[in-house]
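In what follows, a structure is listed as structure tokens, so that the remarks can point back to it.
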Amino acid sequence: MRYMKCIALALLWCGIVSACFGQDGFAKPPSIKAIKFGKLIDGTGKVLPNAVVIVKGNRIESVQSGSSGIPADAQVIDMSKYTGIPGLIDVHTHMTYWWDGDRRTNPNAESARLLPQELAFLAQENARKTLDIGVTTVRDMAARNYTDIAMRNLINRGAMVGPRMFVAGPAIAAGSSMPRSGDVFPAVQNQASGVEDVMRLTRQELAAGADFIKMFGSTGGFDKVETNQTFTYEEMHAAVEVAHTMGKRIAIHSYGASGARDAVKAGADTVEHAIDIDDETFAEMIRKHIIYVPTVYHNVWYAQNYKEFGWPESENAAIMAYEKASEETTTRAIKAGVHIAMGSDGVYELFGHNTEELTYLVKCGMTPAQALAAGTVNGAAALGMEKDLGEVTPGHYADIVAVQGDPLNDISVAVHNVKWVMKGGEVFVDKTR
């Protein structure tokens, strides 16, 4: 009898320990957290002084001014020296473009040679660098062999540290318009010709677990800045129709104006990169709530780092000419009132510098407040996740960043002064100590 009582007491103690500690034996943090900020920019246009954000689990329960309503059992996190902003959203990354920095190798070629299992493991570095600068969510714009889906799932399981990922699987390219070898575009794998083939591949990608569709509507990328349209309007419309019928969104890459025009006409949810977009197309984007993702900064980064890729310096002139056209088009889009989202087009060593895109959006004419919206609420809209992301308001995921300074006066504060990062109620970065 004494033996049975000992077992019962042991089981009771194990239950108590399990409730208070995780499986690894470390104490679980309280499920309710109260984060104090000197000021909170909540993503809706409001700025709250002496704000307190109450987080329960992975969601925001309430936001208030002053400490009077803090629950007695809450863990209090004092960020009162800092400004709180919503977790940033980068809607154009290539997380699986990983490189070891060996200057004797070409990063595109090396990335294409790695096994999918190797790439998913090694690309953790890109994910950590991205989260470290306050980007808590990314839209990843294509990866070979569904490696991006593997990364998304591992992050969601807690087996890998990184931002919340929405992924496209392999992009859909037109016929033989893009190389199959992966030496230039490691993500390109699936190619389609004709409406039926496009519809088949769109269904295939979604069935494999892609969150949205990425379609190459033109050539162009890295040092190749030509703007030739590759899919017809009919083919683009077919992809849009299948994606929307299945409740998913579609992003269409176009370096040029004609591909962007047909992508907008077809009803794409976002248009990536395009230069020289005409005023009529801008007006249609506004009417259809289509978001423009200009990815201005990445061209500057390519020109600065051309030696990594092994292309001649002479090609930088074409890259910078394209970058100038990108700035001019973005400026016109801002003046027209087109909704713009922050997209870094991050690859390789650009990770950790993703948010420099905000600097260039301000350079193109945005106010710091507009740029911050491009990196938060507009990013959430691009994902169709407005009710969950982009704001520090009740019901949204507790994706919150603390910065030193006021990003509404100087956007570089959000780019360079990130001190603390929470994603889904869990603190992943703390540089305040």
- Note down all Cβ pairs under 8 Å where the first residue falls in the range 201-221 and is within 12 Å of G175 (Cα to Cα), the second is part of a helix (DSSP H, G or I) and among the acidic types (D, E), and they're at least six residues apart or on different chains. G217/D262
- Message: Condition check: outside the structural domain of G425 (by TED's automatic domain parsing) and not β-branched (V, I, T). Does M95 satisfy that?
- Response: yes
- Report whether or not Q23 is modelled with pLDDT under 95, more than 17 Å from Y397 (Cβ to Cβ) and in a strand (DSSP E or B). no
- Message: Any residue in the range 344-372 that is without any contact (Cβ under 8 Å) to a residue 12 or more places away in the chain sitting within a Cβ distance under 8 Å of a residue that is not hydrophobic (A, V, I, L, M, F, W, C)? List the pairs, counting only those 6 or more apart or interchain.
- Response: none
- Query: Taking the range 386-407 as the region of interest, how many residues are in contact (Cβ under 8 Å) with a residue 60 or more places away in the chain and over 19 Å from N354 (Cα atoms)?
  - Reply: 10
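Every residue, every condition in (1) farther than 21 Å from D279 by Cα; (2) touching a strand residue (DSSP E or B) at 6+ places or on another chain (Cβ under 7 Å); (3) assigned by TED's automatic domain parsing to the domain that holds A321, yes or no:
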site	(1), (2), (3)
G209	yes, no, yes
T219	yes, no, yes
E235	yes, no, yes
K248	yes, yes, yes
V264	no, yes, yes
- When both residues are 6+ apart or on different chains and their Cβ atoms are under 7 Å apart, which pairs have a first residue that lies in the range 229-249 and is within 12 Å of R203 (Cα to Cα), and a second that is charged (D, E, K, R) and assigned to a helix (DSSP H, G or I)? V242/R203
- Message: Looking at A380, A369, A374 in this structure, which one is buried (at least 21 other Cβ atoms within 10 Å of the Cβ), farther than 21 Å from G424 by Cβ and in contact with a Leu (Cβ under 9 Å, 6 or more places away or on another chain)?
- Response: A374
- Message: Please return the ranges of strands (runs of 3 or more DSSP E) entirely within the range 241-303 where 1 or more residues are of a type in the set (K, R) and within 19 Å of H92 (Cα to Cα).
- Response: 249-254
- Message: Quick test for you: out of A112, A123, pick the one residue that is surrounded by 23 or more Cβ atoms within 10 Å (Cβ to Cβ) and under 24 Å from the mean Cα position of the chain (by Cα).
- Response: A123
- The lone exception for W311 - which of (1) in a helix (DSSP H, G or I); (2) touching a residue at least 40 places away in the same chain (Cβ under 8 Å); (3) farther than 27 Å from F212 by Cβ it fails: (1)
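The values are calculated or read from the model by the stated rules, or taken from the named source; none is laboratory data. This one's a predicted model, so the numbers in the text were calculated from it and none came from an experiment. Cβ atoms come from the backbone with ideal geometry, glycine included; neighbour counts cover every protein chain shown.
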